[in-house]
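Before any comments, here is the structure.
The values are calculated or read from the model by the stated rules, or taken from the named source; none is laboratory data. Given the structure is predicted, the values throughout are model-derived calculations rather than measurements. Positions of Cβ are backbone-derived with ideal geometry, glycine not excepted, and every protein chain shown enters the neighbour counts. SASA here: full protein model, heavy atoms, side chains in, ligands and nucleic acids out. Shrake-Rupley method; radii C 1.70, N 1.55, O 1.52, S 1.80 Å.
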Amino acid sequence: MTTYRIAVIGGTGPQGKGLGYRFARGGHTVVLGSRAAEKAEATAAEVTERLAGVEGAGTVTGATNADACGQADLVLLAVPYDGHDELVASLPLAGKVVISCVNPLAFDKRGAHGLVIDGGEGSAAESAQRLQPEATVVGAFHHVSAVTLWGEADFLDGEDILVVGDKAEAKEQVMELAASVTGRPGIDSGKLRLARQLEPLTAVLISINRKYKTHSGIRIHGV
């Protein structure tokens, strides 16, 4: 398996920290990014402690968001949708493969629901591509729970990572990276525009989790 240097933007949040941990378990070098380097370094130390005794684990360090991107082969966006466009536009992402796991969600008295982006003709991943036309954006890792990512299992082998994008080579890289999380490659799920369906689907999983007091995921059969 190819090993990568991966910047996790939003690496101090639960999703970013959990994915960074899983990538490092798989032997990748991880740089957790944050607006404040000190906060990223503290989270990196926590992840490094968790990796103690994991054979073949990669290193985890912390840096500012911009510095993390500069050091990376792949950049993961694990940030809230609020403020997403401003942050993405500010990052040095030209020439990078950028993975978006951003889920534009809102919550009201009836629970979680997906936000409508660009009148239903857009998504967070597509917004990132529009803002960074010299990067290659791939959508993936939308549906893995932060709790299970930080859990004890070697792999989340009951789940699949659905990967969408417009460039085959970039998708192949991200599908290979998914094996660090689930123990098997991700599933090619079509073009980047299908992020419009994947991102709000997370609201359905949140509803299931609340009903059944669990941390649900997605598994594809027949592939």
- Query: Under a 1.4 angstrom probe, counting protein chains only, how are Glu41, Glu121 ranked by accessible area, largest first?
  - Reply: Glu121, Glu41
- Note on the structure: A chain fully extended from Val116 to Val204 at 0.36 nm per residue, minus the present Cα-Cα distance, gains in nm 30.2 nm
- Message: If I take R0 = 35 Å and measure r between the Cβ atoms of Glu176 and Lys109 in this structure, what FRET efficiency does the formula 1/(1 + (r/R0)^6) give, to the nearest 0.05?
- Response: 0.25
- Ordering Tyr4, Tyr212 by how much accessible area each has at a 1.4 Å probe, largest first, what is the list? Tyr212, Tyr4
- Amide H neighbours of Val138 under 5 Å, counting only residues 5+ apart in sequence or on other chains, H built in-plane at 1.01 Å? Val98, Ile99, Ser100
- How do Arg35, Arg5, Arg110 stack up against each other in accessible area, from largest to smallest, with a 1.4 angstrom probe? Arg110, Arg35, Arg5
- Item | For Leu131, net neighbour charge (Lys/Arg +1, Asp/Glu -1) across residues whose Cβ lies under 11 Å away | -3
- Would you mind pulling out the separation of the Cα centroids of the range 72-87 and the range 103-179, in Å? 11
- Local electrostatic count at Pro185 - Lys and Arg +1, Asp and Glu -1, tallied over other residues with Cβ under 12 Å: -2
- Query: Rounded, prolate or oblate: which one fits the chain, using the alpha carbon gyration tensor with axes a ≥ b ≥ c (rounded when a/c is under 1.5, else prolate when a/b beats b/c, else oblate)?
  - Reply: rounded
- So, relative contact order of the chain in percent, Cα under 8 Å, 6 or more apart, is 18
- Fraction of antiparallel bridges per DSSP, the chain only, in percent to nearest 5: 20
- Message: Could you report the accessible area of Phe155 in Å², rounded to 10, computed with a 1.4 Å probe on the protein chains as they sit in the structure?
- Response: 90
- Taking the dipole of the chain about the Cα centre (Lys, Arg +1; Asp, Glu -1; charges at Cβ), the one of Phe155, Leu177, Gly95 that reaches farthest to the positive side is Phe155
- Task: Quick one: net charge around Ile99, please, counting Lys, Arg +1 and Asp, Glu -1 for every other residue with C-beta under 15 Å from its C-beta.
- Result: -3
- Take the chain, connect every pair of alpha-carbon atoms lying under 10 Å apart with a spring to form a Gaussian network, then pick out the residue of Asn209, Asn65, Asn103 with the largest mean-square fluctuation. Asn209
- Can you list the HN-Hα couplings for the range 167-182, worked out from phi with the Karplus curve (6.51, -1.76, 1.60; θ = phi - 60°), rounded to whole Hz and with x for Gly and Pro? 10, 4, 4, 5, 4, 4, 4, 6, 4, 5, 4, 4, 4, 5, 9, 9
- Projected label distance in nm at Ile220 and Ala153, using a 7 Å step from Cα toward the beta-carbon: 1.8
